[in-house]
1. Under the 0.36 nm per residue contour assumption, what length would be gained going from the current alpha-carbon distance of ASP193 and PHE159 to full extension?
2. Is segment 1-59 rounded, prolate or oblate when judged by the Cα gyration tensor, a ≥ b ≥ c being the square roots of its eigenvalues, rounded requiring a/c under 1.5 and prolate requiring a/b larger than b/c?
3. Could you check the simple spin-label distance between GLU104 and ASP21, using points 7 Å along Cα→Cβ, in nm with one decimal?
4. Give the accessible surface of the chain per residue, rounded to a whole number of Å², with probe radius 1.4 Å and ligands, DNA and RNA excluded.
5. Mind giving me the nanometre distance, one decimal, between the label points for ARG81 and ASP28, set 7 Å out from Cα along Cα→Cβ?
6. Rounded, prolate or oblate: which one fits segment 1-122, using the alpha carbon gyration tensor with axes a ≥ b ≥ c (rounded when a/c is under 1.5, else prolate when a/b beats b/c, else oblate)?
7. Using every pair of alpha-carbon atoms in segment 31-102, split the distances into 10 Å bins beginning at 0 and state the percent of pairs per bin, rounded to integers.
8. Given H placed 1.01 Å from N in the peptide plane, which residues other than close sequence neighbours of ILE76 have an amide H under 5 Å from its amide H?
Amino acid sequence: MTTELSDRWRELLLRCDATADPDPYGRDLLERWAEPQRRYHTTDHLRAVLDHVDALAGHADDPDAVRLAAWFHDAIYRPDRSENEERSAQLAVRALREAGLAEERVAEVARLVRLTVTHDPAADDRNGQVLCDADLAVLGGTPPEYARYAAAVREEYGFVPDDAFRTGRAAILRQLLDLPALYRTPAARARFDAPARANLAAELRSLES
């Protein structure tokens, strides 16, 4: 278990009044995030999302619930399955209840994890806005950063033939571009929206050429 991430997990659980030792849960999560089928959804992605949540925390109603959701949002990840978010939410409920967290916060974490299916939080969902913006921040990186992200996603779906991947990926990109707003927090919108739309449009053109 990497020291930095394990320390962040321990501090978070203790701050959330866990009644059980946080470390076994942290080890289980980090083992999941390090599974061999992952190329993009790795501990690097987890760390990046946590860092973005920290940067946007002032917008959230419950920043620690958002941080917990970041830890669990891709805890179960099989690229050949469609129920990853639901299974990850169920894992969060089991683990956080067992760790002794308040039921209200457990329910909020599970709701937030499920929200990453659509990345379309309501206008008054400040927690959801922070999590979704943190998760989608990668889209607003520099063109080389975005290219590395897109290549890693393709590696995760290496079992999918090129034609099928191009069709499916293009549909996802169009869905993102059609969102009323890619980013909902003012800080993320100002920093990431324009480069993200340029990156998405460029990848879509490459897929359709």
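1. Gain on stretching ASP193 to PHE159: 9.1 nm.
2. Oblate, because a/c is 1.5 or more while a/b does not exceed b/c.
3. 3.1 nm
4. Numbers: 9910 Å² over 209 residues.
On a per-residue basis, 47 Å².
5. Between ARG81 and ASP28, the simple spin-label model gives 1.5 nm.
6. Note, shape of segment 1-122 comes out rounded.
7. It works out to 20, 46, 31, 3, in whole percents.
8. Amide H neighbours of ILE76: SER88.
The values are calculated or read from the model by the stated rules, or taken from the named source; none is laboratory data. Just so it is clear, the structure is predicted and the values come from calculations on it, not from any experiment. Cβ: placed from backbone, ideal geometry, glycine included. Neighbour counts: every protein chain shown. Heavy atoms of the whole protein, side chains included, go into the accessibility calculation; ligands, DNA and RNA do not. Shrake-Rupley method; radii C 1.70, N 1.55, O 1.52, S 1.80 Å.
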